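Nothing in this text is a laboratory measurement; each read-out follows from the coordinates by a stated rule. Please read these numbers as outputs of a predicted model, since none were measured by experiment. Counting neighbours? That spans all protein chains shown, and the Cβs are built from the backbone with ideal geometry, glycine included.
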Amino acid sequence: MLGRHDQATTVIEVGKAMRNIIKGSIISLALVGLMACGKSEQGQQKQQEATPAVLTAPTDGNEQSWKLYIAGVVKQNMKGVRNSPYLYYLPPATVEDFEDQYARQLDNVSGVIARTVQPGNMLAFGSPEAGRMADLVVDAFAMADPGSFKGVKVLVIGKAEDNERIKEAIAPSDAEYIFVEMN
């Protein structure tokens, strides 16, 4: 038989054990609640990723705004691309050396087209000067060998009136052509 002191010690130990069980239960319930919140947030995030934001082309002529816009459009079209995309940009025609920049960019892109690009890559083109960028793409792809861009994405951000001529210039290369109309 237990003495009074032993009984008191046993009651205290049982009480501590019960408190630990209750604390453990409360912590477990809190963790389950947090996990459920996390799943809800993950579901919302997946839903947001499934419906990409509609991006609007900058109208202020700010080059940094344009570069961020192009990067955003490219990011929305990266499915199947395994490497960093090649981004090509022309500044506004009001830039003092625009024609020189145009010529250098045309030379650069023509060289890339002539060497071809491995499947799983993307070439992306955008500019506030959509018509001139369309000219550049058409001229550069005149150097592409038939079928040489199979498995490569070519994304062009431009105006609707340029879409057909760009599409026709790229078609022989077998690139996957993506046209994003400037909003």
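Provide the net charge surrounding Leu55, with neighbours chosen by a C-beta distance below 12 Å and charges set as Lys +1, Arg +1, Asp -1, Glu -1. Don't skip to the answer; put the middle values down first.
Numbers: positive: Lys75; negative: Glu181.
Local net charge: 0.
Among the trypsin sites (Lys or Arg not before Pro) in region 62-140, those placed in a DSSP loop whose Cβ has at most 11 other Cβ atoms within 10 Å are Lys79, Arg82. Working note: Karplus 6.51/-1.76/1.60 with θ = phi - 60° gives region 101-106 the couplings 5, 4, 4, 5, 5, 4 Hz, where Gly and Pro are set to x. Loop-located GluC sites (Glu not before Pro) in region 138-183 (DSSP state not H, G, I, E or B) with no more than 12 neighbouring Cβ atoms inside 10 Å do not occur.
Available extension along the chain between Arg82 and Gln101 is 3.9 nm, counting 0.36 nm per residue and deducting the alpha carbon span. Divide the volume of the convex hull around the Cα atoms of region 63-181 by the residue count and you get 87 Å³ per residue.
Report the percentage of all Cα-Cα pairs in region 111-183 whose separation exceeds 21 Å, rounded to a whole percent. Could the numbers behind the result be given before it?
Details: 423 of 2628 pairs.
Tail of the P(r) past 21 Å holds 16 percent of the pairs.
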